[in-house]
Amino acid sequence: MGAFPAAEPEATRAKVADDFVSELARLQSLDYRECGLELLGAPKNLEQPRASRLRIGAKSTNAIAWASTIRSSDAAFAWLKANPVVADRIVVVHGDYRSGNYLYDENGIIAMLDWEMAHLGDPMEDLGWASMMFWGREELAGGLIEREAFYRLYEQKTGHHVDRERLFFYQVLGNAKMAVICLTGIRDFVERRNVGRGDAVP
């Protein structure tokens, strides 16, 4: 789930990898004010993106506190609160920018999908999410490109340095969010919330 298929030709993978970074660079280059995208929630300052993402994550964590395994997520959010980062600029953030959320053919990416979590925030949020091990394959970010090459290509296409401290912060946050998402799915199954009329649960 979430990684570019290993069976695809190398040329296709390379083209999609380049397009993947190009599309992220293009998204982050948009002037959200000129595009009328303040409605996505323009942060008041450069500290707010981190704080707002943590509030959302903590709210989700509290909703599934019944699970004993939530202790790992609690530890992650405690670390995140103790190691704040400050954005260098505010950009349009896709919110789920990763392999698996685009359409492609042999010529590259055709369209990016799943924009329902788009917001305004720190550019390192999308970069950290896209390069998480969860979406990867071996050492390839998203199954597409070696991580260090991914970061260098991002710097080349955006003209902005990859802040490793902020990148790591958003990778930790992303992994904590995925733990919450997975535990929420488990809870829904255990409590039969996602069982349709035609489903049978023993």
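What does the accessible area of MET133 come to, in Å² to the nearest 10, when a probe of 1.4 Å is used?
Its heavy atoms expose roughly 120 Å² to the probe.
Expressed as a whole percentage, what fraction of the accessible surface of the chain belongs to carbon and sulfur atoms when a 1.4 Å probe is rolled over the protein heavy atoms?
Its accessible area is 55 percent carbon and sulfur atoms.
List the residue ranges in the chain for DSSP H helices whose C-alpha atoms run 20 angstrom or more along the long axis and whose Kyte-Doolittle average is -0.5 or above.
Values: long enough: 10-29 (28 Å, -0.34); 48-63 (23 Å, -0.94); 164-190 (39 Å, 0.56).
Long hydrophobic helices here: 10-29, 164-190.
For ALA17, what charge total do you get from the other residues with a beta carbon under 14 Å from its beta carbon, if Lys and Arg give +1 and Asp and Glu give -1?
-2
How high is the relative contact order of the stretch 71-202, given as a whole-number percent (alpha carbon pairs under 8 Å, six or more residues apart)?
24 percent
Which of LYS15/LYS177; LYS44/LYS81; LYS15/LYS157 have a Cα-Cα distance over 24 Å?
LYS15/LYS177
Taking a ≥ b ≥ c as the square roots of the eigenvalues of the Cα gyration tensor of the chain, is the shape rounded (a/c under 1.5), prolate (a/b larger than b/c) or oblate? Could you put the intermediate results ahead of the total?
Working: a/c = 1.66, a/b = 1.19, b/c = 1.40.
Since a/c reaches 1.5 but b/c is at least a/b, the shape of the chain is classed as oblate.
Would you mind pulling out the separation of the Cα centroids of the stretch 119-139 and the stretch 100-116, in Å?
Each part reduced to its Cα centre gives a spacing of 16 Å.
Could you compute the FRET efficiency for GLU139 and VAL190, with r as their C-beta to C-beta distance and R0 at 45 Å, rounded to 0.05? Walk me through the numbers before you get to the answer.
On the way: r = 35 Å, r/R0 = 0.78.
Computed FRET efficiency for GLU139 and VAL190 comes out at 0.80.
The values are calculated or read from the model by the stated rules, or taken from the named source; none is laboratory data. Worth saying up front: this structure is predicted, and the values here are computed from it rather than measured. Cβ coordinates were reconstructed from backbone atoms using ideal geometry, including for glycine residues, and neighbour counts include every protein chain displayed. These accessible areas exclude ligands, DNA and RNA; they are computed on the full protein's heavy atoms, side chains included. Shrake-Rupley method; radii C 1.70, N 1.55, O 1.52, S 1.80 Å.
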